[in-house]
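J.: To start, I am sharing the structure in question, which I have written as structure tokens.
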Amino acid sequence: MDSFADFKIKRQLYNALEDMGLEKPTPIQKASYSTILGGSDFVGIAQTGTGKTIAFLLPILQELKYSEQPYPRVLILAPTRELVIQIVEQIDKLTPYITIRTLGVYGGTNIKTQKRAIAEGLDIIVGTPRRLYDLALTNVLRLKSIKKLVIDEVDIMLDFGFKTQLRNIFEYLPAKRQNLLFSATMTPYVNQLMNGFLVNPVKKTMAISGTPLENISQECYPAQNFYTKANLLNHLLEDRVEFNKVLIFVATKVKADLLGETLNYGTEVSVIHSSKTQSHRSRAIEDFENGTSRILIATDVISRGIDIEKISTVISFDTSFYPENYIHRIGRTGRAEEQGRSILLFSEKEIPLKDEIEKLMNYKIPLKEFPDEVDVSYLLSPEESKPVDPEEFEDKDSYIMKGSAFHEKSAKNSKEKVERKSYVRKIKERYKKPIRRGDKIQNMKKKRKKK
Ligand code: AMP
């Protein structure tokens, strides 16, 4: 499947691809074409730039027969007006030799004009959720004829608070349909959709195109808690030559802010997450881009929109809960044939998550020894020592989905706080030798074996 010719697509589509100058399918296009064509539900974890739009359009257009029926058979939902326009443009480019009626609908434009266009008959409707729902409510747009539903950029949909609109739209759709979901990051909401609305979906995860993982050297350090991780970062980041443009990923907004305050590098550090104002975010990204700040701390969702070149190092301060997100994180470095570096910090509790990541990549991340000169902290951060507040998560569902696990974790944390003083003694007793900083991973390994 190294050429579009291998796809056995109809001549009209093939010619359009040729006109567009496209010869070789991208990995997501290869991974999805026959699955989507076969009728399965599909989840693609792929970012903009991977060719995901054509990945879903090609099999849809291959199958869509000429029809004069008035109501649309394909519904494509996208979070922004810009994305709707882009998708409609791609459809136009792919269909100069096919008769297909397409319409893009979004807010901020005259709904009456859109209603008139719908009334003329449609095959594919592309829209933002709110406008689409408004149109469905008017009954001008009938959705019972939809055979295929595509939801693009699901993670952004959620970030924009479109969940209710999506649910409302689902009510109007026939139960029997093919669902195709695309998201750059794996989120609990994607997971929820996968489990709740999709039938045995096929899931594929793509690295950002042009960033083969071979470009990226990976390593990981054991570090037990927030402040130990922060101490390690303060130590590593002293090397301004090696760490000249560093993107640090953290799990929560609170942690992002706390890490920003804990790092020793003052104005060299910027923090972005979804509670920061747009102007703050833009300035932070600009400063990072032009080198005014050397270190950018970000959450997974917010980092979506960032397209910054020449990131020397990606640091995963937390091990990502979804292994796919780790692949996206590290894809931020090593772009355009450059060598990139990824450092993952993991606590003992995060070992199962690290195992998942390694399973997905089929690669064991080389382990570094915790440097002797770095202090291990026994202090717990406020997050580590109190029950988890769902509001602190970028995606509140993650709290609900993982609720029991988090409660266990926080219960364990409060226990740890009480037992903090005896930690060194406990370790000594368990391993019959004193714990030194460099010994920690030995201890972790042994404990893992014991389980
Ligand atoms: P997307 O990931 O859908 O946002 O696509 C990003 C860009 O990649 C678009 O400008 C497409 O025209 C382009 N593109 C899509 N498929 C291919 C391909 N097979 N070869 C080269 N470029 C492509």
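J.: Of the numbered conditions (1) modelled with pLDDT under 95; (2) over 29 Å from Asp355 (Cβ atoms), Thr252 fails exactly one; give the number of that condition.
T.: (2)
J.: Take the residues in the stretch 99-119 that are under 34 Å from the mean Cα position of the chain (by Cα) and small (Gly, Ala, Ser); name whichever of them is nearest to Ile60 (Cα to Cα).
T.: Gly104
J.: Tell me, please, whether a residue that is open to solvent by less than 20 Å² (accessible area, probe 1.4 Å), within 24 Å of Asp375 (Cα to Cα), outside any loop (DSSP other than H, G, I, E, B) and touching a helix residue (DSSP H, G or I) at 6+ places or on another chain (Cβ under 8 Å) can be found in the stretch 272-282.
T.: No, the conditions are met nowhere in the stretch 272-282.
J.: Within the bounds of the stretch 18-29, is there any residue that is open to solvent by less than 60 Å² (accessible area, probe 1.4 Å), without any contact (Cβ under 8 Å) to a residue 12 or more places away in the chain and either within 12 Å of the ligand (Cβ to nearest atom) or in the same structural domain as Pro174 (by TED's automatic domain parsing) (or both)?
T.: yes
J.: When only residues in the stretch 113-144 that are touching a Leu at 6+ places or on another chain (Cβ under 8 Å) and small (Gly, Ala, Ser) count, which is nearest to Glu89 (Cα to Cα)?
T.: Gly127
J.: Please specify each residue of the stretch 139-169 satisfying the condition of being in contact with a Pro (Cβ under 6 Å, 6 or more places away or on another chain) and not hydrophobic (A, V, I, L, M, F, W, C).
T.: Across the stretch 139-169, the qualifying residues are Lys144, Glu153, Gln165.
J.: Please enumerate the residues belonging to the stretch 30-59 that are surrounded by fewer than 23 Cβ atoms within 10 Å (Cβ to Cβ) and away from the ligand (no atom under 11 Å from the Cβ).
T.: Ala31, Ser34, Thr35, Leu37, Gly38, Gly39, Ser40, Asp41
J.: Restricting to strands (runs of 3 or more DSSP E) lying wholly in the stretch 284-368: which have 1 or more residues that are modelled with pLDDT of 85 or more and open to solvent by 10 Å² or more (accessible area, probe 1.4 Å)?
T.: Passing ranges, in order: 340-346.
J.: Which ranges mark the helices (runs of 4 or more DSSP H) fully within the stretch 81-157 that have 2 or more residues being more than 16 Å from the ligand (Cβ to nearest atom) and surrounded by 16 or more Cβ atoms within 10 Å (Cβ to Cβ)?
T.: 111-119, 129-137
J.: Can you tell me how many residues within the stretch 216-246 are out of contact with any helix residue (DSSP H, G or I) (no Cβ under 7 Å at 6 or more places or on another chain), open to solvent by less than 20 Å² (accessible area, probe 1.4 Å) and under 17 Å from Asp287 (Cα atoms)?
T.: 1
Table: residues versus (1) closer than 23 Å to Ala184 by Cβ; (2) in contact with a Ser or Thr (Cβ under 6 Å, 6 or more places away or on another chain); (3) outside the structural domain of Leu353 (by TED's automatic domain parsing); (4) of a type in the set (A, V, I, L, M, F, W, C).
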| site | (1), (2), (3), (4) |
| --- | --- |
| Thr228 | no, yes, no, no |
| Asp239 | no, no, no, no |
| Leu263 | no, no, no, yes |
| Ser274 | yes, no, no, no |
| Asp287 | no, yes, no, no |
| Ser293 | no, yes, no, no |
| Ile297 | yes, no, no, yes |
| Thr319 | yes, no, no, no |
| Asn325 | yes, yes, no, no |
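J.: Also, quick follow-up: Among the numbered criteria (1) more than 30 Å from Leu360 (Cβ to Cβ); (2) more than 13 Å from the ligand (Cβ to nearest atom); (3) open to solvent by 60 Å² or more (accessible area, probe 1.4 Å); (4) assigned to a helix (DSSP H, G or I), which single criterion is violated by Glu68?
T.: The number of the failed condition is (4).
J.: Right, another one. Could you look through the stretch 3-12, keep only residues that are within 15 Å of Gly51 (Cβ to Cβ) and assigned to a helix (DSSP H, G or I), and pick out the one that is nearest to the ligand (Cβ to nearest atom)?
T.: Only one residue fits best here, namely Phe4.
The values are calculated or read from the model by the stated rules, or taken from the named source; none is laboratory data. Owing to the predicted nature of the structure, the values given are computational and were not obtained by experimental measurement. Quick reminder, even Gly has a Cβ in these numbers, built from the backbone with ideal geometry, and neighbours come from all protein chains shown. Each accessible area value is taken on the protein alone, full model and side chains, heavy atoms only, with ligands, DNA and RNA left out. Shrake-Rupley method; radii C 1.70, N 1.55, O 1.52, S 1.80 Å.
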